[in-house]
Each structure stands twice: as C-alpha cells, then as structure tokens.
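What follows is a single structure, written as structure tokens, with notes after it.
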Amino acid sequence: MAGNKTLFFCKECGYESAKWLGQCPSCKQWNTMTEAPGQKSRAIQKTSYGRSAARSDNKPVSFSKIETDEEERFSTGFSEMNRVLGGGAVKGSIVLTGGDPGIGKSTLVLQMCRNMALDGRQVLYVSGEESLRQIKIRAGRIGSMPDSLSVLCETYLDDICDTARELKPHVIIIDSIQTMSCALSDSAPGSPSQVKECTMMLLRLAKEEGITVFIIGHVTKEGVVAGPRMLEHMVDTVLYLEGEKNASYRILRCVKNRFGATDEMGFFEMTSEGMKEVSNPSAHMISGRAKDAPGSVISCLVEGTRPIMVEIQALTMRSDFGIPRRTASGTDPNRVNILMAVMEKHSGVHLAGYDAYVNIAGGIRVTEPACDLAIVMALAGSFKSRELSEDTVCFGEVGLSGEVRAVTRVKDRIAEAAKLKFKTCIIPRVSMVSLDKKDIGKYEINVVGVSDIRQAIEYL
Ligand code: TYD
Ligand code: MG
C-alpha cells in the first residue's frame, strides 16, 4: 500500500507531508521541505515505536500516588559541567551537545568519559567520525584512559544499540548523530528523517535500559543543531559549546533542561592537554583590559544562577561617508542601534554622522538587557574621550525615554563586583529601594543609583 510513498519533511520542525510545499504549514518557514525517499509506511513505524516491553505495564496513576524520589545523578568530573546539567548527569537521560566544528565537543566529551570511567562507571564512546587511531591520539593529549572506557567505531545504530544492550554501560556517547543511520529509514545519514529516527532509537535505549546518552550534534550556519528542530524537543537537555575559534575560552550553555535551570553557563579553556575548567570566570573575562580607557566599561550579567563580569568596549569615529557604519559583536546590533537613538534624543550625545563599533570582550554573547547602561556608557565614553574610573561597574536596563530601569538579582551583582575589588557600582535608582542598607554595608563598595542615562553619563 503506502510502502513506497514519498514523504516530505520540514528541515526546521519535522512537519511531514505527502507532497512538496513551498511553505511549511507548521512553522511557516519557506523552502524548508525536503524529500525523504523510501520512508517505511507509518504502520510499520508505529509498531516499532510501540515495541517497548514495558508498554503493557503502563497504567494511569493518580497524582497523589506518584513517587517523587530525586532522580539518580552522578558527577561528570567537571564541576562546571555538573552545574550546567543541573547538578550532574541524570541516569537514563539524553543530552544533546551542539557546537561549531572544531570548537572542542569531542575533546570535552572524551574528557568527561575519562572522568566518569575513573569514577568506576562503564562508558562506551561511539564515534562515527574518527578512526580508533585518531581517537587514541586525541586521548594521548588528555591523559591515560582507564579500562572501563571502551571505544567503538560504528555508524550503524541498530548494531550500536544491540552492543549497548549486551554491554549495559552506564553511559554511552554518540559522536555525532549526523553520521548515524538505522534500518528504519533509508535516507542518507544526517537527513532529517534519519536523524529523527536515530534519536528516537536512542531515546528508547536510554529510557528502557537506564543508560545515560550523550549525543553530539553538528550545527547549521544559523547556529542551531542540524536536522529537524524537533531533535531539541525529543531530548531531555540541550547544551551548546560556544566560543571564538581563535580565543581559548569555551562556554558551555544550557538552552533546555528537563532536570534543571536553563541559561546556566560553564566556562572552559582549551589548552594543549584538553579542556580545563575556569572556576572564576569573572576575573578571567575582565583580565587584560586596558585600564582607564575611554570606551571600556565593566558590567555585571547574571547568566543562569551566577553573576559574571564582562567588559563592554565601544569605539566611535566621525564617518567619512554619508551613512555611518554600526556593528556589534557579542550582542544584538539592533539593540545597540536603539540605544544610540535613545542617547541621541535624551542625553545630548549626538552620534549621528559617527561610526560606532561595540564589542563584548572575551567571546561571550550577551542577551541580558542589564548591560544596556554599560553599552550607553561605553559609547558616550568613546565619543567624549572620557573614561569611567577603572574600579566602577554599571548595570541597568535602558528604556526608550532614556530612563534606567530595574534589573533582577541586584544584590548578587553588587556582591560579585565587591568580590573583585570594585569600588563603585552604578545601578538603577529604582533598584536602590529594594536594597537593604545593611546588606550593602557588608561590602566595601559604594552604590549609587541613577534614574536616567543623562545622570549616568555625568559619571564619565
Ligand atoms: P574537537 O574536539 O575535535 O572539536 P569538535 O569535536 O567540536 O569538532 O577539537 C578540535 C580542536 O581542538 C582542534 O583544533 C585541536 C584542539 N585541541 C586542543 O587545542 N587541545 C587538545 O588537547 C585537543 C585534544 C584538541
Ligand atoms: Mg568531533
């Protein structure tokens, strides 16, 4: 019957259709439908999805009878990584790690395997990208490998799952999901249907055998994990390893976590012996900054549960051409344009006719509005050639009428600034109200509140 029917998939969301469509009806993206030839009929797929042995035991349970034992967790040997995962790896969970090529995904995961194997766990590292020899060479840079860590070079997932069911390792690594193929789908490795089918299979393996599965995924040009977007929906945790290729910092960021907080970040440094944890990222992020330089301002962000100091740099220059150039790296260029318009209108800093460049030092990406004030101060500083004193930190959201608005977790940010020996903290005046005098008295730091950007710029 429907055995040879051609199906079309949306590359973004996994929507299926029997015929090609210009626009995906589900996610409204254009030109994302791709052909997935030779799909097995849905009837066959249904039976294989439902193959779970435990199926007939599943009965509805009343809420009051559900046991809420803590999920079983174990350490990855990296405290930064444990925190990003929400307190360690969870037994039977499935974690997807994405990142640009060459950023260090395989290195980080291999080191994690080594740590877990040294802790006495059985670990199976499956590579579809590198040969045993290549892995051995990489391992040589990291350190000696314990016997409980085994390596398998294989791309056929059905065989991998059979091996895993025999070996019953605690942890299995799939490097990478785009190289794997399984019998349920005839399409090429890395294609949406193949990736989806393989992940489904790994999901079953994780849940049935209680094996923790780490999947490595390639990312597309746009920076999301390649394959259908629904891959991110299927797994429990999604991590991204980011960083600038030529800088040695790597940031492990959590964007989805069924077992913990999202937006948590872990800091690593790529060295000649693999990844090293950076335990005090704030100090690292602002080390090497030019002291008393106009256009350099320190701000404090909160990412996940931890405050982090960052250096915001700006450069403004009279434009030689009619249309000034504005670029921003590490932050949203549109946001910078809005802030420049607000400055023009409400603070008497006339940036029209000036090129402006904004950069967040250290290769970190900033999305929090709390750094608005620091961007404004950096731009104004560069424009006026006046520097903010090097021991001053500022943060606050800037509104369209030039007002400085409240931000969350003010106390934590001030504490972090005090820890790094900053002397003055410029914060939104509205946030002063929520602060206890006693709380601030503890730290040797001078806290000043500003209500609009004009006041803030006077501190330059
Ligand atoms: P890799 O883990 O292979 O990246 P991915 O799996 O994300 O594609 O990392 C490759 C890069 O890391 C390569 O440029 C070499 C570098 N590297 C080090 O700097 N130190 C090391 O100890 C190792 C193993 C790799
Ligand atoms: Mg790799």
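The values are calculated or read from the model by the stated rules, or taken from the named source; none is laboratory data. Quantities reported herein were computed from a predicted structural model and do not represent experimental measurements. All Cβ positions, even for glycine, are placed from backbone atoms using ideal geometry, and neighbour counts span all protein chains on display. Side chains are part of the model used for accessible areas, which takes the heavy atoms of the whole protein and leaves out ligands, DNA and RNA. Shrake-Rupley method; radii C 1.70, N 1.55, O 1.52, S 1.80 Å.
Under 18 Å from a point 7 Å along the Cα-to-Cβ line of Asp436: which residues of region 291-334 have their amide N that close?
None, by backbone N distance to the label point.
When only C-alpha pairs under 8 Å and at least 6 residues apart count, what is the relative contact order of region 72-279, in percent?
Relative CO of region 72-279 lands at 28 percent.
By average Cβ neighbour count within 10 Å, what is the ranking of 293-301, 17-25, 416-424, 177-185 from highest down?
Numbers: 293-301: 25.0, 17-25: 12.2, 416-424: 17.8, 177-185: 21.4.
My ranking of the peptides, most packed first, is 293-301, 177-185, 416-424, 17-25.
Considering the alpha-carbon set of region 72-279 alone, what are its Rg and its Dmax in angstrom?
Every Cα atom of region 72-279 included, Rg and Dmax give 15.5, 46 Å.
Would you calculate, for the chain, the mean residue ellipticity at 222 nm contributed by helices, counting each DSSP H stretch of 4 or more residues as -39,500 (n - 2.57) and dividing by all residues, to the nearest 500?
So the helix-based figure for the chain works out to -8000 deg cm²/dmol.
Given a 1.4 angstrom probe, what's the average accessible area per residue across region 284-458, in square angstrom?
45 Å²
Over its Cα atoms, what ratio of radius of gyration to 2.2 N^0.38 Å does region 242-356 give?
1.32
Hey, what do the phi angles of region 24-32 turn into as Karplus ³J(HN,Hα) couplings, whole Hz, using 6.51/-1.76/1.60 and θ = phi - 60°, x for Gly and Pro?
6, x, 8, 9, 6, 7, 8, 6, 10
Mean separation of Cα pairs under 8 Å and 6+ residues apart, divided by the residue count of the chain: what relative contact order is that in percent?
So the answer I get is 12 percent.
Could you rank the peptides 155-162, 276-283 by their average count of other C-beta atoms within 10 Å per residue, with the highest value first? Walk me through the intermediate numbers first.
Numbers: 155-162: 17.6, 276-283: 16.0.
Per-residue mean Cβ counts within 10 Å order the peptides as 155-162, 276-283.
On a 0 to 90 degree scale, rounded to 10, what angle separates helix 132-142 from the longest Cα axis of the chain?
40 degrees
Before anything else, pin down the relative contact order of region 284-458: Cα pairs under 8 Å, at least 6 apart, normalised by residue count, whole percent.
25 percent
What ranking do 62-68, 168-174 get when scored by the average of other Cβ atoms within 10 Å per residue, highest first? Intermediate values should be presented prior to the final figure.
On the way: 62-68: 5.6, 168-174: 22.4.
Peptide ranking by packing, descending: 168-174, 62-68.
Can you work out the Karplus-derived ³J(HN,Hα) for every residue in region 252-266? Use 6.51 cos²θ - 1.76 cosθ + 1.60 with θ = phi - 60°, whole Hz, and x for glycine or proline.
Per-residue couplings from phi come out as 9, 10, 9, 10, 8, 8, 6, 10, x, 6, 8, 6, 6, 10, x Hz.
Modelled label-to-label distance, Lys421 and Ala18, 7 Å Cα→beta-carbon offset: nm?
Result for the modelled spin labels: 7.3 nm.
Report, to two decimal places, the Cα Rg of the chain normalised by 2.2 N^0.38 Å (N = number of residues).
Rounded to two decimals, the normalised Rg is 1.14.
Starting from the Cα of Met317, step 7 Å along the direction of its Cβ; do the same at Glu166; then give the gap between the two resulting points in nm.
A separation of 6.5 nm, rounded to one decimal place.
Measuring from label point to label point, each 7 Å out along Cα→Cβ, what is the Glu154 to Trp30 span in nm?
4.5 nm
Specify the angular offset, from 0 to 90 degrees and rounded to the nearest 10, of the alpha carbon long axis of helix 333-346 from the longest principal axis of the alpha carbons in the chain.
Computed tilt is about 20 degrees.
Consider a paramagnetic label point 7 Å from the Cα of Glu344 along Cα→Cβ; state which residues of region 317-336 have an amide N under 12 Å from it.
323-326
Over 24 Å between Cα atoms, which of Lys207/Lys276; Lys28/Lys196; Lys91/Lys221; Lys221/Lys245; Lys345/Lys384 qualify?
Lys207/Lys276; Lys91/Lys221
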